[in-house]
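Step one of this worksheet: look at the structure below.
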Amino acid sequence: MLRLKILQDGKPVPTFDLSSAYLVGNDRVPIRAELKFVNGEIIAESRTRGAAALAILWQVQGVGRVMMETPRLSERDAPYNLHVELARGQLMRISQKREDWGLYDFEDGRELYNRVDTARKMLIDAITASSDASAAELADKAITEGVCVGEALSKFHAEVFLDRRLATNQLSKRMFGCRIDPSKTSGEYQQQLSQAFEFGLVPLPWRDLEPTEGEYVAAAGEPWFNLLRQNKMAVWAESLLTLDPAQLPAWLVKTARNYEQFRDCVTRHVRQMLRKYGPYVHVWEAIRGAHAHNEFRFTFEQIMELTRITSLLIKQTSPKSSSVIGITQPWGEYYASDPRTIPPLLYAEMAVSSGIHFDAFGIDLRFSVDAMNANGFMRDTMQISSMLDRFGAMGKPIHILLAGVPSGGSTEAAGCWREQWSDAVQAEWFGRVFRIALSKPFVESVCCHRLADADSLDGILNLDCTPKPAYSELLELRKQLSI
C-alpha cells in the first residue's frame with residue numbers, strides 16, 4: 001500500500017479529485033489499483049507486487065493543469081509527501097531526456113542547464129525541510145521550475161533538430177494534413193483547407209457505410225476524393241476498422257459475440273472499401289485503437305490477427321497505397337482500468353516483431369475539455385516529445401494522424417495547457433507541438449483533427465470558416481519549412 005499526503009497552506013487538503021489518478025509499474029505500463037482519498041492522503045493499493053509510480057492531474061503554475069508522475073515508490077507504512085515525489089519524478093525525467101537528447105554541450109542551452117540545477121537545488125531543499133508543510137511549499141516551487149524548464153528543453157531540442165532536418169532536406173514533401181468534415185461543403189471551407197494543407201484525411205465510418213448488413217450506402221466523404229485531387233492534395237482514408245462499438249454498425253456489434261463471424265465480416269468490408277476507393281487513396285489507416293477498445297472481449301491473439309488482416313488486405317488489394325496502424329491514447333491510461341486491453345507500446349512492439357506488413361504508425365494527439373472523448377488527460381510538451389521518442393524507437397515512420405486542442409472550454413475534466421484554453425493558447429500549442437513532432441527524424445507528417453468548429457471549439461477556423469490564430473500559426477510554419 002502506498003500513502004501520499006497532500007497539503008495546502010501547511011494543512012492536509014480536505015478533498016481531492018482522483019478521477020485522473022492511476023499507478024504505473026515496470027516499463028511505464030499502467031497497473032490496476034484501488035485508489036481512495038482519506039484524511040488528506042491518497043491511499044493506493046496495487047494488485048501487483050513491486051514499486052509503482054502515481055500519475056495524477058496537477059496544477060502547475062505557468063504551465064497549466066497537466067498529468068504529473070512520481071518516481072516508482074516502494075510500499076511503506078509512513079506516507080510519502082506527494083509534492084516532493086512529483087518534483088523528484090520530474091527532475092528524474094529531465095535527467096533522462098537530457099541524456100537521450102545529448103543536451104549537455106550546446107552553448108546556447110547554458111541558461112537552461114542552469115535552470116535545471118536551480119530546480120534540483122529546490123528539490124534538495126524540499127527533501128531536507130524540517131516539516132511536511134515546508135517541504136510541500138518548497139517542492140511546489142521545484143515542480144513549477146522543473147516542468148517549465150522541461151518544456152523549454154523540449155522546445156530547444158526541437159529547434160536544433162528541426163533546423164538540421166530542414167538544412168539536410170530530410171522533411172517530407174507532404175507534411176501538413178487535416179481531417180475532413182464531410183458536412184462542411186462551403187467554398188470558404190475548401191479554400192482554407194487547400195491553402196494550409198497538403199493532404200486531407202477522409203472519414204469512412206463503417207457505421208454509416210453499411211447500416212444494414214450487405215447493403216452499402218455512399219460515404220458522406222465520397223465527394224471529397226475528387227475535390228482533394230482537384231486541389232492537388234493527397235487523399236488519406238481514416239480507419240478501415242476500429243473496435244469502438246460506437247463506430248460500428250449495430251448489426252455487427254451483435255455479430256462480434258462470435259469472433260470468426262466478426263473476422264469474416266471485417267475481411268469482406270475491408271475488401272469492399274479497398275476495391276471501391278483504392279484508386280483514390282494514397283494512405284490507408286488500416287486499424288485504429290484496437291489496443292484500447294475491447295468491449296467484445298477478444299483475445300490478444302485475435303486483436304493482433306485483425307491488425308494483420310487489415311494491413312495485409314491493403315498490401316494485396318491496394319499495393320500502391322501505404323498502410324498505417326493507428327495508436328490512440330498513447331500513454332495507455334485506459335489499461336489501468338481495463339485488463340482486456342493492451343498497453344499501446346506493447347501493441348506497437350508486437351505489430352513490428354510479429355511481421356505484420358504495414359508502413360507506419362499513426363499517433364492520435366487530441367486533447368479536449370472531456371478526457372473521455374480524446375486522449376485522456378493533458379500532458380506538457382516534454383511528455384509529448386518523450387512519448388514520440390518511445391514510439392519512434394520501434395523503427396517505423398510516424399504520422400501524427402489527429403492533433404488538436406480546444407480554443408475554449410472548461411479545464412476541470414481533462415486539464416489544460418497554460419491557465420485557460422483560448423485562441424492564443426491553442427495557436428501556441430499547435431506551433432510548439434508541430435515543431436516538436438517535425439523535429440523528430442521518424443515523423444513524416446502532422447494532421448489536424450478538425451479544420452472548422454462544429455459542436456465544439458477544437459477547430460482552427462471559427463464556425464463561419466474565418467481563421468483563428470492557430471490557422472495563421474500553421475500557415476507560417478508551413479511557409480518556414482517549405483523554404
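The values are calculated or read from the model by the stated rules, or taken from the named source; none is laboratory data. Everything numeric here is computed off the predicted structure, so don't read it as measured data. Positions of Cβ are generated from backbone atoms using ideal geometry, with glycine treated the same way; all protein chains shown enter the neighbour counts.
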Considering residues that are within 29 Å of the chain's Cα centre (by Cα) and among the charged types (D, E, K, R), the number found within the range 209-228 is 1
Which members of the range 467-483 meet the condition of being touching a residue at least 40 places away in the same chain (Cβ under 8 Å) and not in a helix (DSSP H, G or I)?
467, 468, 483
If I filter the range 395-412 for residues that are under 28 Å from residue 48 (Cβ atoms) and not in a loop (DSSP other than H, G, I, E, B), do I get at least one hit?
no
Residue that is farthest from residue 399 (Cα to Cα) [pool: residues in the range 348-359 that are buried (at least 22 other Cβ atoms within 10 Å of the Cβ) and not aromatic (Phe, Trp, Tyr)]:
351
Going through the range 166-188 in order, the residues found to be surrounded by 18 or more Cβ atoms within 10 Å (Cβ to Cβ) and either of a type outside the set (A, V, I, L, M, F, W, C) or in a helix (DSSP H, G or I) (or both) are 177, 179, 181, 184
Cβ-Cβ distance below 6 Å, separation of 6 or more or different chains: which pairs start in the range 1-22 with a residue that is touching a residue at least 60 places away in the same chain (Cβ under 8 Å) and of a type in the set (Val, Ile, Thr) and end on one that is part of a loop (DSSP other than H, G, I, E, B) and buried (at least 20 other Cβ atoms within 10 Å of the Cβ)?
none
Looking at this structure, is residue 335 among the hydroxyl-bearing types (Ser, Thr, Tyr), farther than 18 Å from residue 241 by Cβ and either in contact with a strand residue (DSSP E or B) (Cβ under 8 Å, 6 or more places away or on another chain) or assigned to a loop (DSSP other than H, G, I, E, B) (or both)?
yes
Let me spell it out: the conditions are (1) surrounded by 20 or more Cβ atoms within 10 Å (Cβ to Cβ); (2) modelled with pLDDT under 95; (3) more than 13 Å from the chain's Cα centre (by Cα), and residue 370 meets all of them except one. Which number is the exception?
(1)
Quick one: residue 150 ticks every box in (1) surrounded by fewer than 18 Cβ atoms within 10 Å (Cβ to Cβ); (2) in a helix (DSSP H, G or I); (3) among the small types (Gly, Ala, Ser) except a single one, so which number is it?
(1)
Residue among 402, 345 that is crowded, with 23+ Cβ neighbours inside 10 Å and either in contact with a helix residue (DSSP H, G or I) (Cβ under 8 Å, 6 or more places away or on another chain) or of a type outside the set (Phe, Trp, Tyr) (or both):
402
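In the range 199-208, is there at least one residue being acidic (Asp, Glu) and in contact (Cβ under 8 Å) with a residue 40 or more places away in the chain?
no
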Could we say that residue 451 is under 21 Å from the mean Cα position of the chain (by Cα), buried (at least 22 other Cβ atoms within 10 Å of the Cβ) and among the aliphatic types (A, V, I, L, M) here?
yes
Any idea which of 439, 422, 456 is crowded, with 21+ Cβ neighbours inside 10 Å, hydroxyl-bearing (Ser, Thr, Tyr) and under 21 Å from the mean Cα position of the chain (by Cα)?
439
Among residues of the range 37-51 being part of a strand (DSSP E or B) and not aromatic (Phe, Trp, Tyr), the residue surrounded by the fewest Cβ atoms within 10 Å (Cβ to Cβ) is 38
